[in-house]
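Okay, structure first, notes after.
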Amino acid sequence: MCLAIPVKVVELRPDQMALVDVGGVRKEISLALVDDIEVGDYVVLHVGCALQRLDQQEAEETLQMMAEAGLLPEAAQ
Amino acid sequence: MKYIDEFRDGKLAQAIGAAIRREVDPARQYNLMEFCGGHTHAIARYGLPDLLPRNVRMIHGPGCPVCVLPIGRIDNAIEIASQANVILCSFGDTLRVPASGQMSLLKAKARGFDIRMVYSSLDAVTIAQNNPDQQVVFFAIGFETTTPTTAVAVKKAEALGLSNFSVFCNHVLTPAALDAILATDSGAETLVHGVVGPAHVSTIIGSAPYEAFTVRYRKPLVIAGFEPLDVLQSVRMLVRQLNEGRAEVENEYTRTVTREGNRKAQAMVEDMFELRPSFEWRGLGEVPWSALQLRERYRLFDAEARFHVEKRTVADAKACECGTILRGLKEPKDCKIFGTVCTPENPVGACMVSSEGACAAYYTYGRFTIPITEATA
């Protein structure tokens, strides 16, 4: 129910709406809950509304942290 | 899809699983409650228990809005739909939840009531625009994640000057439910040692609201995304906190969650909704200050006022263990009717309806037939 997916903003439209790319499918969503979204941003989409901008740098850092789990304990020091 | 596929990488999952197995203390038990149904679903779908050592046990929490909605509120929705000239709009999940007298919204629809499935609350506003002679009611359910989207719909209906759109509000609050669970889970009987905290609820409310819990109940909480690697990483972070004797709020899901959350969404919710003194949850009973209703100045959009909805309290089916499963006291396989009388095609309890319910997740991904063998480090 609280599922939300990252989608890419491809076009800003009037009335706080935007066209987004959902894995190749185009869909119109509401940006009423977020500010200062630009084309190319990723937002988290939930039942037709963007909940938040996805912080791409934080995403990379989280993946980096996860990758470190694959290293042996000594090597991770 | 970008930012999804990376977080489902099997090799990385193996590596995090191995790291958890290295780091656990074999002499102690780690009971971790994932609050959200989204986490429960990921755990069952990706077989995460198979990557965890035997002494790390995942307990499935009540964070599935469909599952915790009491029968009485579904009955209310059917009553509203049964009135002349009404179109009731609902999310798909809610349509199949069993109501009283073997009814459900789907069966009510089959009897001729105008009940429509919508993807978004905004779709319900569009239906109201296109049907000016009918009353359109949006059956609003969900946690803090979904509440702001209902607010957006009401704002839009207000801006359009619609007088035929209203909301049957069933929005509930995560911290209240978490408190209800942790408050009864203390002392020598402690079941839950740490909590995998909500993902998109936290995107809205931020990580700060949980800080009081870690202090009051001395249990660590790690906010985690809904992808399998997010869940595994949060388990690893919880294991570390427990090993080090810490009880803090940590945030694994930093790509969408900040400490303060989405202030704009919070302000919209605050403007439109107020706390109900009490609300019934399936499994938890009456929980004080745990749900929202529309404020007086949005009364025009409140279906409860418009249709004079009266409170109904209905007992769950006797054999159904949804209540104890939602509190983490029992597992789906402990329920006598699980997988026999109660299946996703013919659900008796709500945990079998939503794909995020523990029973549906277990049933769908076969977690109740395949013996779990412990992975070796």
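Could you compute the net charge surrounding residue B:228? Neighbours are other residues with a C-beta less than 10 Å from the C-beta of residue B:228; K and R count +1, D and E count -1.
Within the 10 Å Cβ shell, the charges total -1.
What residues in segment B:1-40 lose 40 Å² or more of accessible surface when the other protein chains are added to their chain alone (1.4 Å probe)?
With the partner chains in place, segment B:1-40 has these residues losing at least 40 Å²: B:1, B:2, B:3, B:7, B:12, B:22.
With a probe of 1.4 Å, find how much accessible area the protein assembly as shown has per residue, and write the answer as a whole number in Å².
41 Å²
Using a Gaussian network for chain B with springs between C-alpha atoms less than 10 Å apart, which of these wobbles most: B:304, B:356, B:79?
Highest fluctuation of the listed residues: B:79.
With solvent modelled as a 1.4 Å probe, how much accessible area in total do chains B and A shield from it at their shared surface, in Å² to the nearest 100?
3600 Å²
Over the Cα atoms of chain B, how large are the radius of gyration and the largest Cα-Cα distance (Dmax), in Å?
Both quantities, over Cα of chain B: 20.9, 68 Å.
Could you list log10 I(q)/I(0) for chain A at q = 0.25 Å⁻¹, which the Debye formula gives when each Cα is one point scatterer?
Per q value, in the given order, log10 I(q)/I(0) is -1.11.
Pop out a list of residues from segment A:1-29 that are at least 40 Å² less accessible with all the protein chains around than in their chain alone; 1.4 Å probe, no ligands or nucleic acids counted.
A:1, A:2, A:6
Whenever you get a sec, compute what percent of the accessible area on the protein assembly as shown sits on carbon and sulfur atoms (1.4 Å probe).
Reported share for carbon and sulfur atoms: 51 percent.
Which of the peptides B:272-282, A:44-54, B:144-154 is most tightly packed, and how do the rest follow, judged by the mean count of other Cβ atoms within 10 Å per residue?
B:144-154, A:44-54, B:272-282
What do you get for the angle between helix A:56-67 and the principal long axis of chain A? Use alpha-carbon atoms, 0 to 90 degrees, nearest ten.
Approximately 30 degrees, to the nearest 10.
Each residue of segment B:247-264 in turn: what ³J(HN,Hα) in whole Hz from Karplus with 6.51, -1.76, 1.60 and θ = phi - 60°, glycine and Pro shown as x?
My calculation for segment B:247-264 gives 9, 10, 8, 10, 10, 7, 9, 5, 6, 10, 10, 10, 5, 8, x, 8, 4, 5 Hz in order.
Which residues, if any, in segment B:223-238 have at least 20 Å² less accessible area in the whole protein complex than in the isolated chain, probe 1.4 Å?
Listed in order, they are B:226, B:233, B:236.
Can you tell me how segment B:175-293 classifies by the Cα gyration tensor, rounded, prolate or oblate, using a/c under 1.5 as the rounded cut?
Here segment B:175-293 falls in the oblate category.
The values are calculated or read from the model by the stated rules, or taken from the named source; none is laboratory data. These numbers come from a predicted model, not from an experiment. Glycine gets a Cβ as well: all are built from the backbone with ideal geometry, and neighbour counts include every protein chain shown. For the accessible areas, the whole protein counts, side chains as well, though only heavy atoms, and no ligand, DNA or RNA atoms are used. Shrake-Rupley method; radii C 1.70, N 1.55, O 1.52, S 1.80 Å.
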